[in-house]
Structures are given as structure tokens and as C-alpha cells.
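These notes concern the structure reproduced below.
Every read-out reported here was derived from the displayed coordinates using simple, explicitly stated rules and does not represent laboratory data. This one's a predicted model, so the numbers in the text were calculated from it and none came from an experiment. Cβ sites come from the backbone with ideal geometry, for glycine too, and all protein chains shown count toward neighbours.
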């Protein structure tokens with residue numbers, strides 16, 4: 001970070017924040033009405049005025065241009081989010097009993113059971129909107145289903161904001177399901193490869209280990225029961241199932257290693273690696289976390305190809321801009337928020353922690369600082385989204401993540417081995433044993449969960465203190481120390497709230 005500047009900001013970061021702000025304000029547009037745009041105009045105008053007060057320099061015109069672009073991008077984000085949500089209204093059909101046909105696009109697991117998202121739907125043969133179905137078992141992503149149920153339109157807004165159903169594009173909800181028939185399977189390379197991987201990883205009938213293996217490789221947790229998934233959540237290690245920086249980074253490193261001996265120009269290697277990573281994200285359902293990691297790797301490859309210095313904040317900003325523009329409602333979903341919050345914290349908060357713990361040794365210090373930065377980033381968010389923050393998360397991650405890193409490669413090797421010699425069925429024995437061990441470790445830590453409530457009034461002060469503590473803002477050491485004290489104090493208050 002440049003210590004000569006007060007703020008280590010980039011225009012791309014400001015642009016990404018602007019789009020996300022516009023989309024976030026639009027999320028509350030049912031209660032704001034047309035005033036949302038006025039709020040955005042006020043925020044960015046005030047930001048420009050404050051920059052004039054605190055940043056004494058001759059770059060007034062440049063700041064005015066940046067502020068104007070930010071305002072336009074925020075309005076663009078606002079409009080795209082609003083339009084994306086309102087599209088679901090046009091696809092609704094009247095309440096009634098229907099035979100619904102569609103494709104399983106996503107399956108989520110929570111404490112209440114499984115939720116199946118059905119897209120490309122028709123209701124008694126008439127085209128209609130996507131539908132959420134609850135409590136369905138025995139189906140997989142990509143299956144074409146014929147379901148008899150009672151369907152009713154999903155609410156567009158509630159408590160002054162758009163509902164979860166509206167955000168994910170589900171026009172309808174289904175209950176009283178009394179008949180489910182798998183009529184086929186959706187075509188396409190992503191679904192075909194996804195199914196092939198799932199078959200390959202369940203070849204040895206590894207029980208819970210095979211379910212964990214599938215979740216680690218492609219992020220599909222549908223085979224895990226609510227109890228099994230809760231075990232990982234309460235241990236603070238469920239993030240190993242969210243295909244993100246760790247998974248994409250490991251694949252990225254493997255591709256670099258494999259392609260290194262080949263006498264190809266760097267740009268050809270870079271293009272090939274990016275395409276493979278993008279295809280991998282496609283197999284994983286183009287999740288926000290995987291796409292964020294893929295675009296960041298793409299920025300790194302581009303920088304190296306052009307001979308430029310790689311800037312991780314710019315790379316993260318590019319990923320945020322692309323994802324938020326292509327899928328505007330993603331910015332208010334847990335996956336996007338958690339993924340980008342953790343990554344931003346790793347870039348800005350991890351370095352000062354690493355410097356403070358350098359006496360522990362460089363490798364251990366980097367690993368510890370990364371884990372602490374990630375835990376700090378998700379502390380309030382974990383409580384808000386899941387209702388608890390695992391007290392043993394840091395310790396368990398120190399144990400589990402090195403194992404998962406090794407297991408990830410062995411799973412791919414075992415998958416390849418069993419694809420070539422399926423009759424032997426031994427390629428996954430070693431990684432499955434490790435996964436069984438991880439599950440046992442997580443189960444033993446179930447009693448170490450600290451269920452907390454995070455006071456809403458402390459949410460903003462917490463993240464302001466976290467940003468000040470990090471390397472994004474250059475202030476005196478005393479201010480950094482004070483901000484770290486604020487962070488610790490808020491965590492203690494929340495733990496005993």
C-alpha cells in the first residue's frame with residue numbers, strides 16, 4: 001500500500017462500490033419509492049464535498065469526473081436491480097393445483113430441509129415463472145421434473161424490501177407436493193460434466209465421505225442431510241463447500257504446474273488457463289464465489305501477460321463489477337456478500353496482522369493472519385445470516401484447511417483414476433479416509449459453538465473500525481490501535497449480548 005496517500009483507493013474500487021450501492025438501495029425500493037435515486041445523488045454529492053474538504057490537492061476536476069461516473073453507475077445498478085426483480089411479476093400464474101414441469105436449477109439445504117429451485121417451468125402446459133418447492137428428496141440439479149402440487153404466487157416485497165423469492169427470480173412457490181416424476185435430464189456440457197463428477201465420486205459408495213467430496217469439488221451440498229451440513233456449519237468450516245478462492249486457486253496452481261514445461265507463449269497459456277477456470281465455474285453453477293475467484297485469476301494472468309504489476313484490489317473490483325452487472329440481485333445474497341467481504345479482508349486486513357505476528361514464522365504468520373482476517377470479516381455476517389458464530393472456527397480451520405488442500409488434489413487424481421479403471425474402485429480410498437476424519441473432527445466440536453446476537457447499532461462501527469485497522473487507509477499507529485480495540489470490544493459485547 002502507498003503510505004504517502006491517506007486513502008489507498010482505486011477508481012475501479014469506487015466504481016464497483018457505486019454499482020453495489022445502487023443495487024443495495026434498490027433492494028429497499030418498495031419502501032423508498034422513487035426517493036432511492038435521490039438518496040444516491042445525495043450520497044455521492046456529499047462524498048465529493050467531503051473529498052474537497054479533506055483532500056487538498058489540484059485534482060478537483062478528476063474527482064468531479066470520478067464522482068459523476070460513480071453516480072451514473074449507482075443509478076445503473078439501481079435500475080438493473082429493480083428491473084430484474086420486477087420481471088418475476090410478469091411470469092406469475094394464478095393460485096391452483098397444477099402439474100408443473102421444469103428443470104432443477106439449484107438445491108439448497110437448511111435446518112428446515114431441502115429447497116428445490118425449478119426453472120423453465122410450465123403449468124399444465126402453459127409457460128410460467130420459476131418455482132420454489134420444499135421438502136423434495138431424490139432429485140438432482142439438471143433433472144427435468146413433472147411435479148403435481150399446489151402453486152401460488154410468491155410475495156414480491158415484505159417489511160419494506162424485496163423478498164428472497166423475488167431476488168432469486170422465483171415467481172411461484174409450491175406446496176402439497178404429491179407426485180414427482182423425473183422425465184429426463186437437461187443437456188449441456190456443464191450439467192453433463194457435473195453428473196459425471198458426481199457419479200465418479202460416489203463410485204466407491206463412500207457414505208458421508210462421498211457426499212463431502214462432491215461438495216468440495218463442485219459445491220453441490222444437496223446429497224448432505226441437514227444434520228450433516230449443520231455439523232460443518234457449527235464447526236465454522238462449511239465454507240470448504242463454497243467453491244471459491246481456495247478451490248480455484250488450487251486448480252490454478254495445478255494448471256500452471258502442468259503447462260510450465262510446454263513451449264507455448266505466455267498469452268496462450270493464460271487464455272487456456274482462464275478458459276478452464278471459467279468452465280470449472282460453470283460446472284459449479286457459476287456461483288458468485290467461484291466467479292469472483294476466476295475473474296481475479298484472470299486479472300492476474302492479464303497483468304503477467306502485459307508485464308504489469310498485479311493489483312489485487314483492482315482485480316477484486318473488476319470481479320465485483322462484472323458479477324453485479326450480469327446478475328444485479330446477487331449483491332444482496334449471502335454468497336456474494338460473504339465471498340467478497342472475506343476476500344477484501346484478506347487483501348487489506350491480513351497484512352497488518354501478519355506484520356504483528358511475524359515472530360511466529362513467515363508461513364505460520366501468513367496462514368494465521370489470513371484465517372483471523374476471514375473470521376473478522378464474517379463475524380457479524382455469520383450471526384445475521386445463520387444466527388451464530390462458531391467460537392472454534394479459527395482453531396478448526398487451522399486443523400482442517402491444510403488437510404482439505406491436500407485432499408482436493410487427491411480427489412481429482414482419484415476421480416481421474418476411477419474414470420480410466422473403474423473396475424478397480426480404489427482411487428478414492430485415501431481422500432475418503434481423510435474426509436471421514438474431517439467429519440469426525442467437526443462433530444466433536446459441536447459443543448463449542450457460541451450462539452450470539454450482533455446489535456444492529458454496532459454493525460457500521462464494527463466495519464468502519466475494521467477498514468481503519470486495515471491497509472486501505474493510512475492513519476497514525478495510535479488510531480490503528482484504537483480501531484483494533486473497538487473491534488475486540490464489539491466482539492466481546494456481541495458474545496455476551
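Once the Cα-Cα distance is subtracted from the 0.36 nm per residue extended length, the residue 308 to residue 225 segment shows a gain of 25.2 nm.
Just how far, in whole angstrom, is segment 220-293 from segment 380-423 if you go by their alpha carbon centroids? Answer, in whole Å: 12. Sorting 219-230, 299-310 by average packing, meaning the other beta carbons within 10 Å per residue, from highest down gives 219-230, 299-310.
Taken over the C-alpha atoms, segment 11-85 has Rg and Dmax values of 13.0, 43 angstrom.
Compute the distance from the alpha-carbon center of segment 318-351 to that of segment 141-203, in whole Å. Here the two parts' Cα centres lie 25 Å apart. Say R0 is 45 Å: what FRET efficiency, to the nearest 0.05, do residue 399 and residue 126 get from their beta-carbon distance? Efficiency, from the Cβ-Cβ distance: 0.25. Looking at segment 96-186 alone, DSSP beta bridges between its own residues are antiparallel in about 90 percent of cases.
Per-peptide packing, taken as the mean over residues of other Cβ atoms within 10 Å, places 78-85, 179-186 in the sequence 78-85, 179-186 from highest down.
Each peptide in 489-496, 468-475 gets a packing score, the mean of other Cβ atoms within 10 Å over its residues, and the list from highest to lowest is 468-475, 489-496. Multiplying the residue separation of residue 137 and residue 460 by 0.36 nm and removing their Cα-Cα distance gives an extension gain of 112.2 nm.
The stretch between residue 488 and residue 271 holds 73.7 nm of extra length on full extension. This uses 0.36 nm per residue minus the Cα-Cα distance.
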